[in-house]
């Protein structure tokens, strides 16, 4: 009789994790994107396109490739999930003039990504207006199947919400080694997404800014890694 061996687990098995929000099923990806299979919708938050050029204008020189890197990352997610709709949850541009600074090749790349699908820009505090040259629909927020998609989470015990804005990050300390990475954070009723952009920092989810949103009851955290997306027990979290 042959010996039954466990199926080999590949790194791709950890690329995304199932996430439930008010009974709706999503897939959170290690890139920071969120896919909604029932709606064939890809959701991203806080692209902050042209952050590098904005900093350069104020004398802080950063490599001017953040927009291209972010669009390439987004293209990979579109290729992976083939969504019918892409929804960007605000702060897609680092400032209202960001579109005017975009290289023409980057604008053309964006338009290619938009072909044959709906594209929705949710406005944020960094981009209250979206230039028409970026095409797509522009809305302050949108409700899909009872789930509100907006940039900034509403304060208090709100449910049925997916938002960005805070750039959540988690920090662990294990065996004397500290690890700090962007993360998804939720409680089954609402979700705050990590920033998707190349030049974006993160706010520790133990910061007081998150307390009005979740407290610590039923908190669920998924930490972005280079090889996968990993659930983290809240008891392991450490502040900065």
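Please find, within the stretch 188-206, the residue that is farthest from the chain's Cα centre (by Cα) out of those that are surrounded by fewer than 21 Cβ atoms within 10 Å (Cβ to Cβ) and under 15 Å from residue 235 (Cα atoms).
Result: 206.
What number of residues within the stretch 1-33 are part of a loop (DSSP other than H, G, I, E, B) and either in contact with a helix residue (DSSP H, G or I) (Cβ under 9 Å, 6 or more places away or on another chain) or at pLDDT 95 or above (or both)?
7
Hey, among the residues in the stretch 159-187 that are out of contact with any strand residue (DSSP E or B) (no Cβ under 6 Å at 6 or more places or on another chain) and more than 21 Å from residue 41 (Cβ to Cβ), which one's surrounded by the most Cβ atoms within 10 Å (Cβ to Cβ)?
Among those residues, the one meeting the criterion is 187.
Regarding the stretch 191-204, can at least one residue be identified that is modelled with pLDDT of 95 or more and farther than 19 Å from residue 47 by Cα?
no
Going by the structure shown, is residue 112 farther than 15 Å from residue 48 by Cα, over 17 Å from the mean Cα position of the chain (by Cα) and outside any strand (DSSP E or B)?
yes
Identify the residue in the stretch 34-52 that is over 19 Å from residue 152 (Cβ atoms) and in contact with a helix residue (DSSP H, G or I) (Cβ under 7 Å, 6 or more places away or on another chain) and, among all such residues, is surrounded by the most Cβ atoms within 10 Å (Cβ to Cβ).
50
Given the conditions (1) farther than 21 Å from residue 234 by Cβ; (2) surrounded by fewer than 17 Cβ atoms within 10 Å (Cβ to Cβ); (3) in contact with a helix residue (DSSP H, G or I) (Cβ under 8 Å, 6 or more places away or on another chain); (4) free of Cβ contacts under 8 Å to residues at least 60 places away in the same chain, and given that residue 156 satisfies all but one, which numbered condition is not satisfied?
Status for residue 156: all satisfied but (1).
Looking at 221, 173, which is the one that is touching a helix residue (DSSP H, G or I) at 6+ places or on another chain (Cβ under 8 Å) and outside any loop (DSSP other than H, G, I, E, B)?
None of the other options fit; the residue is 221.
The values are calculated or read from the model by the stated rules, or taken from the named source; none is laboratory data. Model, not experiment: these values are computed from the prediction. So basically every Cβ, Gly included, is an ideal-geometry build from the backbone, and we count neighbours across all protein chains shown.
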